[in-house]
Amino acid sequence: MSLSTQPYKGARDFYPDDKRLQKYMFGVWRKVCERYGYEEYDAPILEPTDLFLAKGNQEIIDEQTYTFKDRGDRSVTIRTEMTPTVSRMVAGRRQESAYPLRWYSIPNLWRYERPQGGRLREFWQLNVDIFGVADTSAELEMLQIIDACFKEYGADESMYTISLNHRELINYLLDDYLKLDTKSKKQVAGLIDRMKKMERSAFISKVDALLTSAQKQAGTTEKLLGILDAESLKDLPKEVQSEPPVKELEKLVGDLKKLGIKNAKFDATLMRGFDYYTGIVFEAFDNDPENRRSLLGGGRYDGLVGMFGVAPVPTVGFAWGDVTLQKFLEGHRLLPDMKPEVDAYVVVIGEADVQATVAELRSKGLNLAVDLSGKKLGDQIKTADKKGIRSALIIGENELKSGKFQLKDLKTGKSQELYLSGIVKALS
């Protein structure tokens, strides 16, 4: 039986062209994060399963993670996200750290689920977190970083929308304004989270099915729709507009506009799935009609560090997956021409010993690949062209004796004879 050439389901092989794209995407992430003073960190890909059970449940562990027993009979899980890990790390140095902490990472993650458009089992994810800032200046900085990343990729604000909501506002609306019980509150929140993926009539029917007769008679469904249909904070009912979470959101939207970020808006349907969010939450959405989906998400989670037995630390963070980013860049035709890292392909004529010359050029900062095949001149040039390398440096015994070498542009077909210093200048 022959072995399959396909990778594991839900994972990807990264050939050089794929890796080149990944390096570009990650390079922009790193560049922008470090521009804002963030430091890169990492951690083991395996964590004790208890770390994920602390804010999840056994069903999630069993169905959505790669969990197994190691040889010491310890239950371990391949990380599905970075937030529990970074919270553990901050708690481990809670007293000795200088706040605010600005950290980022681009970890390799695994989640056991059915692969589909924009979601794979193996993926990479930008994680950015600021620890130690309790007011909305932390959220403002997170959203600036997100916007700066989009702009660095060449996107403009017509291509994406940043949606904002507040967990405390959601809780107020469901608890106090609509007066739902605990069970109904959770079920209605789940429906709201899926609202944009279903027909309005189906949503209304499902909400009605969860309400008591008294709640229906009190117009609970209509009151809920009045909130969910609000296109801005000013469209919320008057009694809701005076609530502190609304004031926080108003300040954040105003501060963003002052910085020129005008595509951030309130969205009452934005729930965010994780229970650990405690304040403002946000997501960025692709405006491409062919790819209307969430690209990234995050928010404030002030309580997670405190789960490790230390004083809590106010925290805001977000995560942005590589698969959704790539689809966004492809959809908006924002991917640059990915060129090989090789500056020139060294074509060897006959038995010429080119190693000393190549070593000298490499010492001056050039990236050179030498053809060691012994093929004919034309075949070597074809190889260089097939690899996408722009220039061919042709070296034979005559060139070594004269000190002048032929540098051929494989795109234009033009050649020039240059000394080594000229080659360095031309290729640099």
Subset of LYS382/LYS408; LYS382/LYS414; LYS364/LYS411; LYS376/LYS425 violating a 20 Å alpha-carbon distance limit: LYS364/LYS411; LYS376/LYS425
Return the single residue from GLU59, GLU39, GLU283 with maximal mean-square fluctuation; model: Gaussian network over the chain, springs between Cα atoms under 10 Å. GLU59
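Could you work out the local net charge near THR83, counting Lys and Arg as +1, Asp and Glu as -1, over the other residues with Cβ closer than 11 Å to its Cβ? Present the calculation step by step, with values, prior to reporting the outcome.
Details: positive: LYS55, ARG79, ARG88; negative: GLU81, ASP129.
So the environment of THR83 carries a net charge of +1.
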Sort out for me the Cα centre separation of segment 147-188 from segment 50-67, rounded to whole Å. 25 Å
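How would the chain be classified by its alpha-carbon gyration tensor: rounded, prolate or oblate, with rounded meaning a/c under 1.5 and the a/b versus b/c comparison settling the rest?
Prolate, since a/c reaches 1.5 and a/b exceeds b/c.
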Mean separation of Cα contacts under 8 Å (at least 6 apart) over the residue count of the chain, i.e. the relative contact order in percent, is 15 percent
Among GLY403, PHE14, THR220, which residue has its Cα positioned farthest towards the positive end of the charge dipole of the chain, with +1 placed on the Cβ of Lys and Arg, -1 on the Cβ of Asp and Glu, and the dipole taken about the Cα centre? GLY403
Tell me whether segment 375-428 comes out rounded, prolate or oblate; compute the Cα gyration tensor, take square roots of the eigenvalues as a ≥ b ≥ c, and use a/c under 1.5 as the rounded threshold. oblate
Between segment 68-92 and segment 198-271, what is the separation of their alpha carbon centroids in Å? 37 Å
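Okay, helix-only estimate at 222 nm for the chain: each DSSP H run of n ≥ 4 adds -39500 (n - 2.57), divide by all residues, round to 500 deg cm²/dmol; what do you get?
Values: 17 runs with 163 residues, N = 428.
Here the helix-only value at 222 nm equals -11000 deg cm²/dmol.
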For segment 16-43 and segment 99-129, what is the separation of their C-alpha centers, rounded to whole Å? 13 Å
Estimated dipole of the chain in Debye, rounded to 20 [Cβ of Lys and Arg +1, of Asp and Glu -1, Cα centre]: 660 debye
Please name which of MET89, ALA392, PRO44 has its Cα lying farthest along the dipole of the chain towards the positive end, using unit charges on Cβ (Lys, Arg +1; Asp, Glu -1) and the Cα centre as origin. ALA392
Could you check which residue among ALA138, ALA319, ALA311 shows the biggest mean-square fluctuation in a GNM of the chain with a 10 Å Cα cutoff? ALA311
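Can you tell me how much longer the chain between LYS223 and MET338 gets when fully stretched, taken as 0.36 nm per residue apart minus their C-alpha distance, in nm with one decimal?
Working: separation 115, 0.36 × 115 = 41.40 nm, distance 5.23 nm.
That works out to 36.2 nm of additional length.
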Leading residue at positive end of dipole, the chain (Cβ point charges), from PRO314, LEU372, GLN326: LEU372
Reachable lysines, given that their alpha-carbon falls under 21 Å from the alpha-carbon of LYS69 and they are not under 8 places away in the same chain: LYS55
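Would you mind calculating the relative contact order of segment 35-94 from Cα pairs under 8 angstrom and at least 6 residues apart, reporting the percent as a whole number?
35 percent
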Selected from TYR172, TYR15, TYR36 as most flexible by GNM, with the chain as the system and alpha-carbon contacts under 10 Å: TYR15
Phi-derived 3J(HN,Hα) across segment 142-151 with the Karplus relation (6.51, -1.76, 1.60, θ = phi - 60°), rounded Hz, x for Gly and Pro, is 4, 6, 5, 5, 4, 4, 5, 4, 4, 5
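Treating only the Cβ of Lys, Arg, Asp and Glu as charged (+1, +1, -1, -1), what charge dipole size does segment 344-427 show about its Cα centre? Round to the nearest 20 debye. Working shown, then result.
On the way: 14 positive and 10 negative charges, 81 e Å.
Magnitude of the dipole: close to 400 debye.
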Do you know the relative contact order of segment 344-427, to the nearest whole percent, from alpha carbon pairs under 8 angstrom that are 6+ apart? 33 percent
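Per residue, how much space in cubic angstrom lies within the convex hull of the C-alpha atoms of segment 329-428? All intermediate terms of the calculation are to be shown ahead of the outcome.
Numbers: hull volume 10.8 nm³, N = 100.
Taking the convex hull of the Cα positions in segment 329-428, it is 108 Å³ per residue.
FYI, it's all coordinate maths here, none of it is from the lab. Nothing here was measured: the structure is a model prediction, and the numbers come from that model. With ideal geometry, Cβ positions are generated from the backbone for all residues, glycine too; neighbour counts draw on all protein chains shown.
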